[in-house]
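One structure is given here, and the rest of the page talks about it.
The values are calculated or read from the model by the stated rules, or taken from the named source; none is laboratory data. All values reported here derive from a predicted model rather than from experimental measurement. Methodologically, a virtual Cβ is constructed for each residue, glycine included, from the backbone with ideal geometry; neighbour enumeration extends over all protein chains shown. What goes into the accessible areas is simple: the full protein's heavy atoms, side chains included, and nothing from ligands, DNA or RNA. Shrake-Rupley method; radii C 1.70, N 1.55, O 1.52, S 1.80 Å.
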Amino acid sequence: MATVDSVSLFTGLGLSEHKARETLKNTALSAQLREAATQAQQTLGSTIDKATGTLLYGLASRLRDPRRLSFLVSYIANKKIHTEPQLSAALEYVKSHPLDPIDTVDFEQECGVGITVTPEQIEEAVEVAINHHRPQLLVERYHFNMGLLMGEARAMLKWADGKMIKHEVDMQVLHLLGPKTETDLEKKPKVAKARLEEVDRRTAKDVEENGEVAGQTLSLMEQLRGEALKFHKPGENYKTPGYVTTPHTMDLLKQHLEITGGQVRTRFPPEPNGILHIGHAKAINFNFGYAKANNGICFLRFDDTNPEKEEAKFFTAICDMVAWLGYTPYKVTHASDYFDQLYAWAVELIHRDQAYVCHQRGEELKGHNPLPSPWRDRPIEESLLLFEAMRKGKFAEGEATLRMKLVMEDGKMDPVAYRVKYTPHHRTGDTWCIYPTYDYTHCLCDSIEHITHSLCTKEFQARRSSYFWLCNALDVYCPVQWEYGRLNLHYAVVSKRKILQLVAVGAVRDWDDPRLFTLTALRRRGFPPEAINNFCARVGVTVAQTTMEPHLLESCVRDVLNDTAPRAMAVLEPLQVIITNFPAAKSLDIQVPNFPADETKGFHHVPFGSIVFIERTDFKEEPEPGYKRLAWGQPVGLRHTGYVIELQQVMKGPSGCVESLEVTCRRADAGEKPKAFIHWVSQPLMCEIRLYDRLFQHKNPEDPAEVPGGFLSDLNPASLQVVETALVDCSVALAKPFDKFQFERLGYFSVDPDSHQGQLVFNRTVTLKEDPGKV
């Protein structure tokens, strides 16, 4: 009979009958468990729930000092110890403190007594862990070791319930990756150590071909430092494959080293005729980053040789964007600073019979096989006189050019060095009516500034021979040109001409429209510069051109904003909720953590009154299966308040649309925990919120095969949705343009410069989680 009673007692704790009978075979364990259960029943005066029973079984099976049984049972029965981590800490404490009496204050502090970990905190911690491993997760999918995610979340929330963390990990991973595929269900193959290098090579190839980023990423500085790149050392230009030497090379390199002291020198040379875009971000990071990583300097040099297209606003914007990305030029220079020297060298080039004045028209020079110039062999003195005539404005535009005598890698013969333009220059005014071309200017400006590494995108590889030829033809110091792959994005257009077309047809507002991928647009949308730099680091210093998926850039944005954007609450589609039994005569002051996963970063306060507003989607009269938010018979918690609301009445307008709800509230700890906690606002500010999506519908809007009608026919009509009557809590009232927030459960948002006194405007930067449909 005693055995039957004990089995009944143990199954009442949640043990299976088999487990209960097995426990009875261990006399010491069964006696201690029986005593623990009896004491707990006496304390509770009712049956023991399964969660408490599990803790009691853990206590009885692991406690080595029976004197502490009653002490610990009281904490479990009274729910002061209610998670496995707390029980483990308690057992460790009594083991390390065998003497009486126990210091209860110290014990409770060491065991997390009184600390409640909310579902929102668990959600935040898991999100941080997933963001930390997102690139690897996206590659390995369900073969990834999910224990890492749970471990990191547990490290942030010491007293959280492990089962709740596991459940949240499962839910967020499912949301990120979608259901398991057949490939996910296959066993992960074991990779022999000898094959790892080959696997790494294949992974790198996948990055270039598929626009995905795998594995852990070295920082940009690590990728650019020292021997990481097989670049020449300053002064050892001649060791570079393909570098052309002359009898003067070694003397010129010696003079170069005397001037630079062996210092690495790079330059970022944009044309001031448009706004920088995401591809330029890689160039900025590569040029400034390589110099910084190797204790060198980087010039910001404006290639201002085409006065027809240059505007002052572009100079300012480019300087701003370089500074915004975190870089400071050693010196800001202009190609126009060197116009006198460039002209003198052009005259010298004619003297050396390496250049001539030509009268072929521009249209005659176009195409793959233009006719050779009939003026190529004109006398040197004649070309000198004609070039001087060009300088003095005696030729109309297009009537004469100065051409160099060389054939480039792509077969282009005798590239133009100077052309006539009567447009005033923004810096030199009407001083010049002839202007040098890129092919002539670029290498000579590099030489003047003693650049050691002239880093260019891959399309300039065809100009490398002209680069070396021109420096050597003039017997001046010759830097080394190195090429790297351009960075492009799917669903994007970055061409200056095409962006102007988008502005002209009203598809976007201007260069900084947040749907574009110009750097000013990304800043306005709320992308942090650190995220863009991290994205460039993840892409890596590849030689092949890469076209990346926008969601990988957005992932970098989430990683940064998760740690830097304080939380606030906003409601896009407000539904009024009236709390009929509100517990106070006036509104309560609610303390909300700026970062729920790290409360050391401070708090802000919001009012909580008898009228609150929730998202209209957080209520359903007739919910579908699995709906967890407010419905008849289904209460929800209000985040951060410690209150749960339950529906009492639905008020509808004449059209049958729900206009408001009446609810009652109770303390969250006064009953069963709700299935969900929702955000809300009370006494809010009205604001405008702009929700952005992709500007184009196809991956390659400029590809005629994919979009036969041209990129303007591919515009996404839903790329911008403006919510003019959104509500936001008053904690953001003093926010300034470009301030960033995470609106709980909605996404990351940035204050737009259109904001003014009494009317905030927010741009949605990215959603909280990646849309599984965006691949």
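Out of the residues in the range 717-772 that are open to solvent by less than 50 Å² (accessible area, probe 1.4 Å) and of a type in the set (Gly, Ala, Ser), which is nearest to PRO574 (Cα to Cα)?
ALA726
Out of curiosity, is PHE535 open to solvent by less than 10 Å² (accessible area, probe 1.4 Å), aromatic (Phe, Trp, Tyr) and not in a helix (DSSP H, G or I)?
Spelling it out, it is not the case that PHE535 is open to solvent by less than 10 Å² (accessible area, probe 1.4 Å), aromatic (Phe, Trp, Tyr) and not in a helix (DSSP H, G or I).
Would you be able to say whether some residue in the range 621-633 is in contact (Cβ under 8 Å) with a residue 60 or more places away in the chain, under 28 Å from THR580 (Cβ atoms), assigned by the TED database to the domain that holds ILE579 and open to solvent by 30 Å² or more (accessible area, probe 1.4 Å)?
no
Within the range 398-413, work out how many residues are assigned to a loop (DSSP other than H, G, I, E, B) and at pLDDT 85 or above.
Summing the residues that are assigned to a loop (DSSP other than H, G, I, E, B) and at pLDDT 85 or above in the range 398-413 gives 5.
Looking at this structure, is ALA335 small (Gly, Ala, Ser), open to solvent by less than 40 Å² (accessible area, probe 1.4 Å) and closer than 21 Å to ILE448 by Cα?
Yes.
Can you name the residue in the range 270-326 that is closer than 13 Å to ASN533 by Cβ and aromatic (Phe, Trp, Tyr) and, of all such residues, is surrounded by the fewest Cβ atoms within 10 Å (Cβ to Cβ)?
Applying the filter and picking the extreme gives TRP324.
Give the residue, chosen from LYS628, LYS620, LYS601, that is under 34 Å from the mean Cα position of the chain (by Cα) and over 22 Å from VAL728 (Cβ atoms). Spell out the reasoning first.
On the way: LYS620 fails: under 34 Å from the mean Cα position of the chain (by Cα); LYS601 fails: over 22 Å from VAL728 (Cβ atoms).
So the residue among LYS628, LYS620, LYS601 that is under 34 Å from the mean Cα position of the chain (by Cα) and over 22 Å from VAL728 (Cβ atoms) is LYS628.
Looking for whichever is surrounded by fewer than 17 Cβ atoms within 10 Å (Cβ to Cβ) and either in the same structural domain as LYS79 (by the TED database) or out of contact with any His (no Cβ under 9 Å at 6 or more places or on another chain) (or both) here; the options are ILE102, ILE130. Which one fits?
Result of the check over ILE102, ILE130: ILE102.
Could you give every pair whose Cβ atoms fall below 7 Å, whose first residue belongs to the range 375-394 and is over 27 Å from ASP430 (Cβ atoms), and whose second residue is surrounded by 13 or more Cβ atoms within 10 Å (Cβ to Cβ) and of a type in the set (A, V, I, L, M, F, W, C), counting only separations of at least 6 or pairs across chains?
Filtered contacts from the range 375-394: TRP375/VAL357; TRP375/CYS358; ILE380/ILE350.
Of all residues in the range 254-297, count the ones that are touching a Leu at 6+ places or on another chain (Cβ under 9 Å), small (Gly, Ala, Ser) and not in a helix (DSSP H, G or I).
So the answer is 1.
Conditions first: (1) open to solvent by 10 Å² or more (accessible area, probe 1.4 Å); (2) touching a His at 6+ places or on another chain (Cβ under 9 Å); (3) free of Cβ contacts under 8 Å to residues at least 24 places away in the same chain. ASP714 passes all but one, so which condition is the exception?
(1)
Identify the residue in the range 404-432 that is out of contact with any Ser or Thr (no Cβ under 7 Å at 6 or more places or on another chain) and of a type in the set (A, V, I, L, M, F, W, C) and, among all such residues, is nearest to HIS442 (Cα to Cα). Can you show your working first?
Step one: of the range 404-432, the residues out of contact with any Ser or Thr (no Cβ under 7 Å at 6 or more places or on another chain) are 404-405, 407, 410-413, 420-424, 426, 429-432.
Those still in the list that are of a type in the set (A, V, I, L, M, F, W, C) too: 404, 407, 413, 420, 432.
Values: MET404: 14, VAL407: 17, MET413: 18, VAL420: 18, TRP432: 19 Å.
This residue is MET404.
Just for the range 1-22: of the residues that are farther than 19 Å from ASP49 by Cα and surrounded by 13 or more Cβ atoms within 10 Å (Cβ to Cβ), which one is modelled with the lowest pLDDT?
Only one residue tops the list, namely GLU22.
It is to be established whether one or more residues within the range 428-437 are among the charged types (D, E, K, R) and open to solvent by less than 60 Å² (accessible area, probe 1.4 Å).
There is no residue in the range 428-437 that is among the charged types (D, E, K, R) and open to solvent by less than 60 Å² (accessible area, probe 1.4 Å).
PHE749 passes all but one of (1) closer than 25 Å to VAL577 by Cβ; (2) among the aromatic types (Phe, Trp, Tyr); (3) in contact with a Pro (Cβ under 8 Å, 6 or more places away or on another chain); which number fails?
PHE749 satisfies every listed condition except (3).
Give me the pairs: first residue in the range 291-308 and touching a residue at least 60 places away in the same chain (Cβ under 8 Å), second residue among the hydrophobic types (A, V, I, L, M, F, W, C), beta-carbon distance under 6 Å, and six or more apart or on different chains, which are they?
Correct list of pairs: ALA293/MET221; ALA293/LEU224; ASN294/VAL264; GLY296/VAL264; ASP303/ALA335; ASP304/ALA335; THR305/ALA335.
So the check is Cβ under 6 Å with 6+ separation or different chains; which pairs have a first residue in the range 161-180 that's in contact (Cβ under 8 Å) with a residue 40 or more places away in the chain and more than 26 Å from LEU55 (Cα to Cα) and a second one that's part of a helix (DSSP H, G or I) and among the β-branched types (Val, Ile, Thr)?
GLN172/VAL126; GLN172/ILE130
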